[in-house]
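Okay, handing you the structure first.
Please treat every number below as a calculation from the coordinates, not as lab data. All values reported here derive from a predicted model rather than from experimental measurement. Note that we place each Cβ from the backbone using ideal geometry, even for glycine, and neighbour counts take in every protein chain shown.
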Amino acid sequence: MIHIFVPQISERIRYIFHTIFNERLAIAYTLYDNIDSFYAIDGKYKIAYANEYVHNALFIEASPLLFETSIENQHLRLSRINDIPICFQTRHPNSLLPFDIFSACFYFLSRYEEYLPHIKDNHQRYKAENSFAYQNKLLSTAIVDAWIDLFSKTLLSHFPDLDIKKHCFQYTPTYDIDSAFLYKNKSRRITIMGFVKLLIRGKWKEMSLRYQVVNNRLPDPFDTYDYLDSLHQTYGLSPHFFILFAERSRYDKNIPTNNKNFIRLIRQLATKATIGIHASYASSFSNSERLNKEIKNLQQHLEQPVSSNRQHYIRLRLPESYDNLLKNNITDDYSMGYVHHIGFRAGTSFPFYFFDLEKNKTTSLKLHPFIFMENALTAEQQLSEAEILDKIKNCIDEVKKYKGHLITLFHNSSFHDNSSINFKSLYEKIIQYSIK
């Protein structure tokens, strides 16, 4: 048991201390906000987190962040300790670390910067370019994991008999099913319109392919499920599929939810994988009723509960999107990552709970970060497959270094032969490198 003094036990302190001590290090602790009670404790496992020096305890100088309730620009600057980038630097010579690790971790995990004024992209998403990590070339660094690892080693140097949790590296392949089939199982109207568009554009080869697929002479290009299943079987992987199961709109164009072949497909997938909802573009921010309908419809056809989600288009806006999920009893979200950039959006590969900065409280929604989706790879068109693979390997090495949870994101549509990148070859190399 570690005894910790803080001048004030705020909700932010409760959250980040639980995350680091309980979730990551599995160390029991007690918080004290009365200095006399803290001094009265007889024991060597004592830490003081305060803005003024406290005797007879490991002292960590505190920044104001965790004692505030407002959301203000923090004016971060970057420096390094033992080649580890740090922010929220401290000045007291007796501070255990030269930075406030608790404020730094909280800033990244709460996604504090995403609440501040920023420029959005054309889908109203937070841009990676706005982030402190991107601007300081830290996206490929699991910075929160590095800080917690440094903290655990520092604790062990003072308390050698402290029992700290040892994690095991995990890998979960995930897939978004935006369009279960390219040509098959579409409504008659959509199929006819598709033929007309190809005819007008003079795309005879595609028109012939569509005709043969619709008439069951060739397999549908997006029907890559047997291929994926063989990979999972070969490498012993437990996949997670997110199904877009929504009314058709401009950005939501999956198979009709009453299509028997589509329903049969997702039931088959559910026998070998975890199934989650792929919250539609139209429901992304605060359309709770629409999302509720999508979830209930999917649950009804699966005949099992659905508790996980990933936002379609990774259309995430804090805190509205997560509040929408919580209202609909979603317990786990897999949207914490960037569409066009490889790396660690929240500075970690480990799952963590969402802290709502506007309500200033910890929620029950667990966030599972992904390190890349294939869109980020196609954005690197100037790079060769080997160069792209090297960038991915660097991030995988970061996850392995801290024994975290590697999550990758592909679409079933990525593995047909018409992609600009040979995703089958690349994906198998990623899997092999991840599990070796």
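Write out the trypsin sites (Lys or Arg not before Pro) in the range 72-144 meeting two conditions: DSSP loop, and at most 13 other Cβ atoms within 10 Å of their Cβ.
Values: sites: Arg77, Arg80, Arg91, Arg111, Lys120, Arg125, Lys127, Lys137; in loops: Arg77, Arg91, Arg111, Arg125, Lys127, Lys137.
Those satisfying the criteria are Arg77, Arg91, Lys137.
Please turn the phi angles of the range 424-432 into ³J(HN,Hα) values with the Karplus equation 6.51 cos²θ - 1.76 cosθ + 1.60 (θ = phi - 60°), one per residue in order, whole Hz, x for glycine and proline.
Coupling constants for the range 424-432: 4, 5, 5, 5, 5, 5, 5, 4, 4 Hz.
Ok, one more. Show the residues, 5+ positions off or on another chain, whose built amide H is closer than 5 Å to the amide H of Gly276.
Counting only residues 5 or more places away or on other chains, the set is Phe241, Phe242, Ile243.
Given the options Ser131, Ser364, Ser335, which has the most mean-square fluctuation in a GNM of the chain, springs set between C-alpha atoms less than 10 angstrom apart?
Ser364
Further question on the same structure: Would you give the gap between the C-alpha center of the range 53-126 and the C-alpha center of the range 331-402, rounded to a whole Å?
Each part's Cα centre sits 20 Å from the other's.
Further, regarding this structure: If you add up the charges near His232, with Lys and Arg at +1 and Asp and Glu at -1, over every other residue whose beta carbon is less than 13 angstrom from its beta carbon, what do you get?
-2
Continuing with this model, one more query. Which of the three applies to the range 2-158, rounded, prolate or oblate, going by the alpha-carbon gyration tensor with a ≥ b ≥ c and a/c under 1.5 meaning rounded? Please list the in-between numbers first.
On the way: a/c = 2.12, a/b = 1.76, b/c = 1.20.
It comes out prolate by the Cα gyration axes.
Among Leu269, Phe285, Ile243, which residue has its Cα furthest toward the positive end of the charge dipole of the range 243-299, with +1 on Lys/Arg Cβ and -1 on Asp/Glu Cβ?
Leu269
Quick check on the exposure proxy: order Arg201, Arg345 from fewest to most C-beta atoms within 10 angstrom.
Arg201, Arg345
Per DSSP H run of at least 4 residues, take -39500 (n - 2.57); add these up for the chain, divide by its residues and hand me the 222 nm value, nearest 500 deg cm²/dmol.
-10000 deg cm²/dmol
Of the candidates Leu156, Leu365, Leu65, which one comes out as most mobile in a Gaussian network treatment of the chain with C-alpha springs shorter than 10 Å?
Greatest mean-square fluctuation among the candidates belongs to Leu156.
Pull up the cross-link candidates among the lysines for Lys401, meaning alpha carbon to alpha carbon under 18 Å and not fewer than 8 places away within one chain.
By straight Cα distance, Lys401 reaches Lys153, Lys165, Lys166, Lys391, Lys393, Lys436.
Mind checking the dipole of the range 259-403: about its Cα centre, +1 per Lys or Arg Cβ, -1 per Asp or Glu Cβ, Debye to the nearest 20? Intermediate values should be presented prior to the final figure.
Working: 20 positive and 16 negative charges, 104 e Å.
For the range 259-403, the charge dipole is close to 500 debye.
Please report, in debye to the nearest 20, how large the charge dipole of the range 2-158 is about its Cα centre when each Lys and Arg carries +1 at its beta carbon and each Asp and Glu carries -1 there.
Numbers: 14 positive and 17 negative charges, 73 e Å.
With only Lys, Arg, Asp and Glu charged at Cβ, the dipole is about 360 debye.
So, one more: Placing unit charges on C-beta atoms (Lys and Arg positive, Asp and Glu negative, everything else neutral), compute the dipole magnitude of the chain about its Cα centre in debye, rounded to 20.
Details: 52 positive and 46 negative charges, 377 e Å.
With only Lys, Arg, Asp and Glu charged at Cβ, the dipole is about 1820 debye.
If the elastic network links every pair of Cα atoms under 10 Å, which of Glu113, Glu61, Glu206 fluctuates the most in the Gaussian network model of the chain?
Between Glu113, Glu61, Glu206, it is Glu206 that shows the largest mean-square fluctuation.
Further question: Cα atoms only, the chain: Rg and Dmax in Å?
Reported Rg and Dmax, both Å: 24.2, 84.
Which far-off residues, 5 or more places away or on another chain, put their amide H under 5 Å from the one on Tyr353, with H placed in the peptide plane?
Leu367
In what order do Val214, Val399 fall by count of nearby beta-carbon atoms within 10 Å, going from fewest to most? Could you put the intermediate results ahead of the total?
Details: Val214 17, Val399 24.
Ascending Cβ contact count within 10 Å gives the list Val214, Val399.
For a quick check: with amide H placed at 1.01 Å from N, whose amide H comes under 5 Å from Thr408's, ignoring anything fewer than 5 positions away on the same chain?
Thr172, Thr174
So which aspartates and glutamates pass the test for Lys184, namely a Cα distance under 19 Å, with those fewer than 8 places away in the same chain ruled out?
Asp176, Glu206, Asp220, Asp223, Asp226, Glu247, Asp252, Asp417
Using θ = phi - 60° and the Karplus relation 6.51 cos²θ - 1.76 cosθ + 1.60, list the HN-Hα couplings for the range 60-67 in order, rounded to whole Hz, with x at every Gly or Pro.
In residue order, the calculated couplings are 10, 5, 9, 7, x, 3, 6, 9 Hz.
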